[in-house]
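I have placed the structure first, in the form of structure tokens, so that the comments after it can refer back to it.
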Amino acid sequence: MVDVMGSAPAEEQGRLLQEAGNAVKRNAFFMKKAMDEDNLREALRYSATLLGELRTPALTPQRYFELYMQAFNELTHLQAFFREERRKGRSYADLYELVQHAGNVLPRLYLLCTVGSCYIRSKEAPARSVLKDLVEMCKGVQHPVRGLFLRSYLCQVSRGLLPDVGSEFEGDGGSISDAIEFLLINFTEMNKLWVRMQHQGATKDRERREQERQQLADLVGRNLTYVSQLDGLDFALYQEGVLARVMDQIVSCKDAIAQQYLMQCVIQGFPDDFHLGTLDTLLGILPNLQPGVQIHVIVSSLLDRLARFAASDKAVVETFNQVDAFGKLTRAAAKVTEQEGQVPAGDVVAMHAALLGFTGAVYPDRLDLVNKVLTSAFQALEKQAPITDVKAEKQLVQLLSTPLDKYDVVTVLELANYPSVMSLLRPAKYKEMAVKICSTVLRQRTLVGSMEKVEMLLDFISPLVKDTEGLEDDEDFFEEEQNLLARLVHQLVSADTDEHFELLRAARERFNAGGAKRLRHTLPPLAFAALRLVRQIKEGDGDSKKIDGSCKTVLQWILGVAAQLAEVPAAEIALQLYLQTAHAASEVARLELIAYESLEQAFVLYEEAIPDSKAEVTALQSIVGVLHRCRVFTPESRDTLVHKATGYSAKLLKKPDQCRAVCACSHLFWQEAAPEEEGAEVPEGVQPPVRDSDNVMVCLKRALKIANSAQQQLAVALKGDHTTPVMLFVDILNHYLFYFEQGNPSITTSVLQSLLELVANEMANDNCQNDAALLAFYNSTRNHIAIQKEKGDDLAQKFSSLQL
Amino acid sequence: MQAPGKIHYILSPGNLCSQEVLEYFKSVCSNTHITKGDFDDNPSFQDNEVLELGDFRIGVCHGHQVVPSGDTDALALLQRRLNVDILVSGHTHEFMAMQHEDRILINPGSATGAFSSLTPSAHPSFVLMDIDGSKASVYLYNLIEEEVRVEKMEFTKAASKLL
């Protein structure tokens, strides 16, 4: 018999299997016929022939398995027949002897096992004797694949028939030790056969052989599974009787594939509390395994199982402590790296990731242990820094991210060895970590409140803050990264306003190193954080003299930030910041000089740096809006500023823009008192609200003039846009109404009436009647007047004399 | 609510301040109407947007163009100019929804509760509007001290009066 299995070429396999299968069917047919005729002898003869097909050496394990299953099915019929024979009076002892007359070993043994299972079930003989006999007899087949399948058959067919604790076969049939003995002998023999496969045949076929071996692994493992399923298997039995022998076999077989698979079998098959109790043995065996074994995979499996064990039952943590599980596992992990020498970085990281997972599950509060894991990881990896393997990098980022998600970011960053592990990464991945850290702070809404922590945090995320050597910034993500940084500014918060200011200052120092492209994003949030701080300072200390000093300092600092922003260059935002500062200085801190300086700088930017007419319009709108609200300016200062604003408004490029801007400027002469000021005295440093009705009128009349000249414009007439100027008229009319309702003395009923008539005249024009938007505006205005008339209050009086 | 398809329009007075926020809005609903705020630099944003939904004309404007800021009469002026039944404006970060004469003024406040010197203690807020023909149901969402408060207002568009 040729010893090499699967020797037939691939194309042949299918045909051979088919032929063998047919032979099995044919013999089975005759076997069943014989069984029907109650012819035991013939039945046995045919069954032996049938089983003879399993003697083939030509099939691959996969194909052999198919043939085996066919035979297996037929053997179940035979079992039923044996039971029948038994009922008719023939003893199993007889049958047991009879089947041994089969000519060839393999069929003989299959038949023996078949009878054997019936024998045990009938309790005609004690279970342990039959089992012992069978497991010994099977040694007669030493061919690896055939032997494996035979013993697998034995295993399957004896299922449920073992003298387990509480089973019907216990007592006279034996005890659980007999059951364990049986299974372990079967296991040991199967393992030997399995390992032998490795050394058969040519070297060039090694890969294929190893593949085939993997396919057969579960046959061997099943024995251990059945051991673990024994009801009576307690820890004592496991420790004394099972583990030692299994470990022994694992080590002595000196086969990497077997060792890898079987270690996993043990870890996955037996209960976790058993593992806890035998941790020393399990870990102690690791150094004795073959070089090809991936030890980190084994350790990781064990860690994962123990982690889940701890998670499911808090009480076991105590046990973990008693056996110093953490200590042992960490040492084992460290040993793995030392021993192997060149364990790939990815594997080392994976193992430490599992260790971290374990620590997190079992000791969620023990950050010192997390640090220990990081230390171990660092020591294992430092010689390989920077980590260039892509997979390892990814895993390292994952390793570093895990504690971030679980614990508070700032606390994690303080772990002594966190920075060192982070430094193992290449610049690109380091940046990725920095982004994660930032995102986590934002997501957890952590407030970073001390200088020390802020400095440390900014150290960690330095790739975001400034250019790093060897790292190019990715265009697509740059803005998003800077947005993260910008949002981070708002997390730098201290309850003490002085400290808070220092934090902002420190941040700005760092951001300065980032260059113009970063400052554009990072300076505005600093300014706004500071503006908020100004209000806090003011509200916090009440009327104490100290605040002015502090508010002043902060405001001046903001002016510095705005100036810096203007030079980036980012003139439009800088202008807006100046305006925000002016408003804060005027309305919150009541500091006229700073408010003036802010507006002055805003105007300077307007003159020198605002790019186009559209931007001018927006800038001016904002300026007027802010200036309108400022109450802190003395009449002289206010005069200068208002004059500037109205001057610029009249000089805008397009007439309609001019007109609207000048209308807006009219409000600069008409301020409202805040509700809290009603009846009270005007507070110190605040001017009474301006109510200059004459100048309001001047503005509105000027607006009318501009609207008129807009009508004259040739370009307007050529374009056929006759209605825009009329739109302006209606706009101005609405402004007149605004002031009329406010009680501005310059806007008398007659003034308003004449304007109403003027507009009505303009509106009568065909062009205007066809312009839906204009018509709607005009009609709404008239409607508004009508509503005012019907109100029946003082206002209504004034409106009553108006004729529409 | 954030499942795709539930929101049909997004109206934002402006000051998104970054492309990222715009992309986020677009991911919730591609039909966005966003006006230019004083801190926006996106050239595709206009000063005003007007759209028609159901029987309503709705206008959107940031509001930094309106003087006095946040003043009801001044906003009403803008409303008449745009000829809209509902005007959505911002800038002040002060949450407000009211009926004024025969129209509606809404300020959804700041979605993030961002600092504004005009409104010292702004809290995060936004508005959901359900338009059905001539009826508008307005749901006002406010996040005050970690608690979400929802109020509902209903407006029915009156037949317009023309003189």
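Quick one: angle between helix A:749-764 and the longest Cα principal axis of chain A, in degrees between 0 and 90, rounded to 10, please. Compared with the principal axis, the helix lies near 60 degrees.
Working note: 222 nm ellipticity from helices only, DSSP H runs with n ≥ 4, each -39,500 (n - 2.57), summed and divided by the residues of chain A, gives -23500 deg cm²/dmol to the nearest 500. The phi torsions of region B:63-73, fed into the Karplus equation with coefficients 6.51, -1.76 and 1.60 and a -60° offset, translate into couplings of x, 6, 7, 8, 10, x, 4, x, 6, 4, 5 Hz, rounded to whole numbers, with Gly and Pro shown as x. Taking the centroid of alpha carbons for each part, region B:84-163 and region A:491-534 are 33 Å apart.
Here the dipole of region A:1-125 is about 380 debye; that uses its Cα centre as origin and unit charges on the Cβ of Lys and Arg (positive) and Asp and Glu (negative).
Helix A:105-122 and the longest principal axis of the Cα set of chain A meet at an angle near 80°.
Each semi-axis of the equivalent ellipsoid for region A:288-424 is √(5λ) with λ an eigenvalue of the Cα gyration tensor; in descending order they amount to 22, 20, 12 Å. Legend: ranking of residues A:I787, A:I732 from fewest to most surrounding C-beta atoms inside 10 Å; resulting order A:I787, A:I732. When the GluC sites (Glu not before Pro) in region A:391-443 are filtered for DSSP coil states and for at most 15 other beta-carbon atoms within 10 Å of their beta-carbon, the remaining sites are A:E414.
Roughly what % of Cα-Cα distances in the protein assembly as shown sit above 50 Å, to the whole percent? Of all Cα-Cα pairs in the protein assembly as shown, 50 percent lie more than 50 Å apart.
Extents of region A:410-560, largest first, come to 54, 33, 23 Å (Cα atoms, principal axes, whole angstrom).
By the beta-carbon count within 10 Å of each Cβ, the least crowded to most crowded order of A:W194, A:W670, fewest first, is A:W670, A:W194. Going from the residue with the fewest nearby Cβ atoms within 10 Å to the one with the most, A:T497, B:T35 rank A:T497, B:T35. The loop-placed GluC sites (Glu not before Pro) in region A:30-104, going by DSSP, that have at most 12 neighbouring Cβ atoms within 10 Å of their Cβ come out as A:E37. With the cut-off at 26 Å, tell me which of the pairs A:K429/A:K517; A:K394/B:K6; A:K517/A:K538; A:K314/A:K406; B:K6/B:K135 have Cα atoms farther apart than that. Beyond 26 Å between Cα atoms: A:K394/B:K6; A:K517/A:K538. In chain A, the longest principal axis of the Cα atoms and the axis of helix A:693-712 are about 80 degrees apart.
Readers should treat all values here as calculations from the given coordinates under stated rules, not as data from a laboratory. What you are looking at is a predicted structure, and each value in this text was computed from that prediction instead of being measured. Using ideal geometry, Cβ is built from the backbone for each residue, glycine included, and neighbour counts are taken over all protein chains shown.
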